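The values are calculated or read from the model by the stated rules, or taken from the named source; none is laboratory data. Since this is a predicted model, take the numbers as computed values, not measurements. Don't worry about glycine lacking a Cβ; one is built from the backbone with ideal geometry, like all the others, and counts go over all protein chains shown.
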Amino acid sequence: MSPRVMFGGSADICPRLIGGNPCIVFCMSEYNLEQSHGMRVVHDGPREAPPLLLIHGSGFSGGSWSPVVPALAGHHHVIRVDLPGCGQSPPARSYDVPVQAGRLAAMLDDLGLRRVTTVGHSSGGYIATALAEQRPDLVRSLALISTGPSLDALLPQPLILRVPHAWTSPWSRTHPSP
């Protein structure tokens with residue numbers, strides 16, 4: 001099967017496998033804002049397409065999104081970041097969630113982007129949520145993957161489940177419930 005062109009634009013040609021089929025896609029080059037915002041930023045897909053910001057979780061990098069980028073870049077201008085201290089970004093003075101969200105907002109402002117679909121994985125979801133709270137003008141929609149609503153949102157375990165095995169009756173230890 002011969003490769004097919006997925007979308008156009010003035011960018012680099014990147015061979016990919018999409019759905020098991022060899023394809024030629026046009027990818028954006030790396031665009032580095034390291035000096036001004038402390039983050040490595042990588043673009044994929046046509047700049048004219050709807051923007052999609054992917055925010056990784058702690059201990060990961062923008063590269064963790066690589067398996068899904070080929071499928072997304074056909075219809076979106078995909079923006080992946082290495083948050084400060086992760087991947088190829090230098091350490092930062094502060095890793096506070098609101099500060100991280102402010103960095104992303106400044107980056108989106110510099111790129112002239114508005115109404116960005118924002119996806120956050122794990123702790124990246126906290127940053128994505130803070131971005132939406134701080135700058136609702138920038139966030140069109142929000143998708144959270146493996147992210148809780150807040151760090152203190154975990155419900156305590158009911159007392160009955162916390163009772164140690166030694167405190168249960170001899171009957172329940174010898175006759176487990178079905």
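Return only the number of the condition from (1) surrounded by fewer than 19 Cβ atoms within 10 Å (Cβ to Cβ); (2) under 14 Å from Ile127 (Cα atoms) that Arg47 does not satisfy.
The single condition Arg47 does not satisfy is (2).
Only one residue in Cys86, Cys27 is in contact with a Phe, Trp or Tyr (Cβ under 8 Å, 6 or more places away or on another chain) and at pLDDT below 95, so which one is that?
Values: Cys27 fails: in contact with a Phe, Trp or Tyr (Cβ under 8 Å, 6 or more places away or on another chain).
Unique residue meeting the criteria: Cys86.
How many residues, within segment 76-101, are within 19 Å of Leu138 (Cα to Cα) and over 15 Å from the mean Cα position of the chain (by Cα)?
2
Restricting attention to segment 33-75, report how many residues are in a loop (DSSP other than H, G, I, E, B) and aliphatic (A, V, I, L, M).
4
State which residue is farthest from Val68 (Cα to Cα) when the search covers only segment 117-127 and only residues that are in contact with a His (Cβ under 9 Å, 6 or more places away or on another chain) and either among the hydroxyl-bearing types (Ser, Thr, Tyr) or buried (at least 23 other Cβ atoms within 10 Å of the Cβ) (or both).
Residue satisfying both the conditions and the ranking: Ser123.
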